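Structure incoming, see below.
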Amino acid sequence: EMGLVTLDPGYGNTGSTTSKITFIDGEKGILRYRGIPIEELAEKSSFPETAYLLINGHLPTHTELDDFASELSNQAMIHEDMKRIIDACPATVHPMAILGSMCLALSSFYPNSININNKEEIDHTITLILAKMPTIAAFCYKKLLGQPYVYPNSRLSYAENLLQMMLARPSEPFVVDPDAARALDLMLILHADHEQNCSTSTVRLVGSAETNLFATIASGICALWGPLHGGANEAVVKMLQRIHEEGGDVEKYVAKAKDKSSNVRLMGFGHRVYKNFDPRARIIKASCDRVLSKMKKGDALLDIAKRLEEVALADEYFVERRLYPNVDFYSGVIYRALGIPTNMFTVMFAMGRLPGWIAHWKEMLETPGRRIGRPRQIYTGPAKRRYLPVSER
Ligand code: SDX
């Protein structure tokens with residue numbers, strides 16, 4: 001079971017038609033990172049450990065994980081001038097716009113290397129962006145709120161740090177809820193990689209031009225922002241809120257989503273690859289109840305989501321087209337329970353996907369005979385014709 005490889009001639013010249021990172025079987029709902037089933041990683045791993053696995057191809061030893069995690073803590077601060085740039089953004093700027101631009105800015109503030117033969121340089125470049133993205137993301141959120149920034153705390157884990165930088169306020173004591181940190185760690189693991197999806201393919205293509213890693217990640221952020229891709233989690237919650245505000249008539253909404261003229265889609269439903277179920281959606285749905293009860297919270301949107309799934313999966317339109325809940329359908333419910341606002345959901349998706357993007361960038365650079373991505377086309381335009389002076393047009 002080496003995994004099916006779809007060979008795309010147009011894409012092949014970036015050395016990306018094969019990959020050793022993630023295996024997906026869309027028919028059987030199988031997802032494995034470096035051969036390890038997502039269900040096992042969700043239950044037993046941590047996000048830093050999963051990130052190490054994706055990037056280096058093997059689970060870290062105790063020492064390797066300790067060194068990796070402490071490096072991520074030590075490098076979490078960002079240059080004060082980067083904070084001033086975030087400060088200068090109007091509060092109306094979407095956090096994904098700030099996140100992408102600050103990734104580009106990283107290359108002006110920090111050394112980075114694409115010399116794949118120098119392991120130390122590559123590892124340092126990778127650690128820098130993995131360590132600093134949560135701080136940038138949290139600063140984006142504080143900017144939105146008009147609240148003071150909260151700096152990283154090297155005594156906290158990756159997920160704990162992200163939560164405290166987003167949710168703590170200098171005016172009052174703040175203790176990270178361990179259940180919230182575990183839930184966030186799980187969400188990051190589930191989003192960590194997903195083979196050649198739109199944003200990862202973008203990263204591989206942009207990186208193939210030997211663009212630096214920070215700018216390459218910025219291109220992945222731009223692709224992920226699309227509502228048909230990573231932006232879907234934000235769109236799902238807006239859809240659930242609209243149904244709730246309109247009285248919770250799920251059947252009416254499902255009918256609209258079937259009507260092509262309505263231009264309405266059931267956001268969080270369907271997938272290019274999974275045609276029976278998205279294993280990540282199953283894990284997230286199962287943890288929704290657990291997270292909400294542990295955090296002593298309820299969420300009317302979860303009940304609507306469950307009813308929406310029930311009605312859609314009983315409807316032949318969705319069953320015939322093999323449309324099932326994907327990773328985005330329930331993820332917003334958990335983020336809301338953690339106190340994360342809708343316009344930060346896609347930022348959280350980017351936080352999770354970061355190690356996957358990095359792993360694919362590294363694999364592409366390591367591919368022997370790799371050349372710049374240059375897909376070809378089939379020309380369907382007009383045959384050769386002469387230029388017409390404007391008087392004859
Ligand atoms: C992610 O690639 C990845 O791995 C992505 C991702 C990752 O981890 O990186 O998994 C993350 O992007 C998940 C997908 C998030 N997007 C959404 O939830 C947006 C809603 N979903 C759809 O837009 C759609 O399902 C896609 C884009 C996800 C997949 O589209 P497909 O498989 O190409 O399906 P299609 O567009 O060819 O549609 C097939 C039929 C069409 O109807 P007919 O023309 O055959 O009559 O299904 C219909 C579509 O109209 N359809 C939907 C629908 N999705 C497809 N109808 C209503 N609601 C939907 N959500």
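In what sequence, largest accessible area first, do 222, 103 appear using a 1.4 Å probe? The partial results should precede the final answer.
On the way: 222 90, 103 0 Å².
From most exposed to least exposed: 222, 103.
Whole number in Å², please: accessible area per residue of the chain, 1.4 Å probe, ligands, DNA and RNA not counted.
About 47 Å² of surface per residue is accessible.
Explain nothing, just the number: relative contact order of the range 23-131, from Cα pairs under 8 Å at least 6 residues apart, as a whole percent.
19 percent
At 1.4 Å probe size, with no ligands or nucleic acids counted, give the accessible surface of residue 174 in Å², nearest ten.
80 Å²
Number of Lys-Lys pairs in the range 165-276 under 18 Å by Cα, sequence gap 8 or more or different chains?
4
Report the accessible area of residue 128, computed with a 1.4 Å probe over the heavy atoms of all protein chains in place, in Å² rounded to the nearest 10.
The accessible area comes out at roughly 0 Å².
Using the Cα centre of the chain as the reference point, and only Cβ charges (+1 on K/R, -1 on D/E), how large is the resulting charge dipole? Debye, rounded to the nearest 20.
So the magnitude is around 1360 debye.
Given +1 on the Cβ of Lys and Arg, -1 on the Cβ of Asp and Glu, and no further charges, what dipole in debye does the range 207-286 carry about its Cα centre, rounded to the nearest 20?
300 debye
Which value in deg cm²/dmol, rounded to the nearest 500, describes the helix-derived mean residue ellipticity at 222 nm for the chain, given -39,500 (n - 2.57) per DSSP H run of n ≥ 4 and division by the residue count?
The helix-only estimate for the chain comes to -17500 deg cm²/dmol at 222 nm.
Also: How much of the accessible area of the chain, in percent, comes from carbon and sulfur atoms when a 1.4 Å probe is used?
The C+S portion of the solvent-accessible surface of the chain is 54 percent.
Provide 124, 194, 244 ordered by accessible surface of protein heavy atoms (probe 1.4 Å), highest first.
Sorted by accessible area, descending: 244, 124, 194.
Are there GluC sites (Glu not before Pro) in the range 219-304 that DSSP puts in a loop and that have at most 10 other Cβ atoms within 10 Å, and which ones? Kindly include the intermediate steps, with their values, before the conclusion.
Details: sites: 234, 245, 246, 251; in loops: 246.
Those satisfying the criteria are 246.
Students often forget the sequence filter, so: which aspartates and glutamates lie under 17 Å Cα-Cα from residue 119 once same-chain residues fewer than 8 apart are removed?
The qualifying aspartates and glutamates are 64, 67, 71, 210, 363, 366.
The values are calculated or read from the model by the stated rules, or taken from the named source; none is laboratory data. Computed from a predicted structure; not experimentally measured. Reconstructed Cβ throughout: ideal geometry from the backbone, glycine too, with neighbour counts over all protein chains shown. What goes into the accessible areas is simple: the full protein's heavy atoms, side chains included, and nothing from ligands, DNA or RNA. Shrake-Rupley method; radii C 1.70, N 1.55, O 1.52, S 1.80 Å.
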